[in-house]
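Here's the structure, in structure tokens; my notes come after.
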Amino acid sequence: MTNISKESLNVISLKKNPEMLSTVTDYIAGIWADENSRKMYEDCLSHCFGEGLPDWYVLVAGEKIIGCAGLITNDFISRMDLYPWICALYIEQDCRGHAYGSLLLEKAKKDAGDMGFSRVYIATDHIGYYEHYGFEYIGMGFHPWGDTSRIYSARL
């Protein structure tokens, strides 16, 4: 397991660093997309440069991206009355176990708060992870493809 001091890690906002569009898109699509959904990520990330939502983040150690997350209006879930959503949280396998994901969560929460939101939401199947970072289970949501996910909320 890679153990890097949190102080040496940097969370980078794509919205504030548009020159990184290709790099961030390749990373996030490489983690989350298959050949059918890559265009969706390319389109979504290339349209994050206006005011407000969405924004996408990468966690960088030196020159290497070791994680990502997004702050979006809806995470393909039935509860469209709830937003913003933190999505696509990922930490490289060899970097897990050091709470690096908390840096991405905190950045997304801070940005959402700065935009005037009082809560953020996450749709996930994980139980026991997000609770460590101030999230509470609030119910189930339904995806267009028929699956369900647990919905968590955190007060900002």
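Tabulated results
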| quantity | calculated |
| --- | --- |
| Shape of the stretch 1-90, Cα gyration tensor, a/c cut at 1.5 | prolate |
| Reachable lysines from residue 39, criterion Cα separation under 23 angstrom, eight or more residues apart if same chain | 15, 16 |
| Accessible area (Å², 1.4 Å probe, nearest 10) - residue 140 | 80 Å² |
| Protection proxy ranking of 115-121, 82-88 - average other beta-carbon atoms within 10 Å, highest first | 82-88, 115-121 |
| Assigned charges on the beta-carbon of Lys, Arg, Asp, Glu; the chain dipole about Cα centre (debye) | 360 debye |
| Calculated [θ] (222 nm, deg cm²/dmol) that DSSP helices of n ≥ 4 give over the chain, each run adding -39,500 (n - 2.57) | -7000 deg cm²/dmol |
| Cα shape, the stretch 64-130, gyration tensor, a/c 1.5 rule | prolate |
| Pairwise Cα inverse-distance average, inverted: Kirkwood Rh of the chain (Å) | 15.9 Å |
| Residue-normalised accessible area of the stretch 16-140, expressed per residue, 1.4 Å probe, Å² | 51 Å² |
| Percent RCO, i.e. relative contact order, over the chain, from Cα pairs under 8 Å lying at least 6 residues apart | 19 percent |
| Percent accessible area from carbon and sulfur atoms, the chain, protein chains only, probe 1.4 Å | 52 percent |
| Positive-pole candidate from 86, 115, 142, dipole of the chain, charges at beta carbon | 115 |
| The stretch 109-156: C-alpha gyration tensor shape, a/c 1.5 cut-off, then a/b vs b/c | oblate |
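The values are calculated or read from the model by the stated rules, or taken from the named source; none is laboratory data. The model shown is predicted, which means the values in this text are computed figures rather than measured ones. Counting neighbours? That spans all protein chains shown, and the Cβs are built from the backbone with ideal geometry, glycine included. For the accessible areas, the whole protein counts, side chains as well, though only heavy atoms, and no ligand, DNA or RNA atoms are used. Shrake-Rupley method; radii C 1.70, N 1.55, O 1.52, S 1.80 Å.
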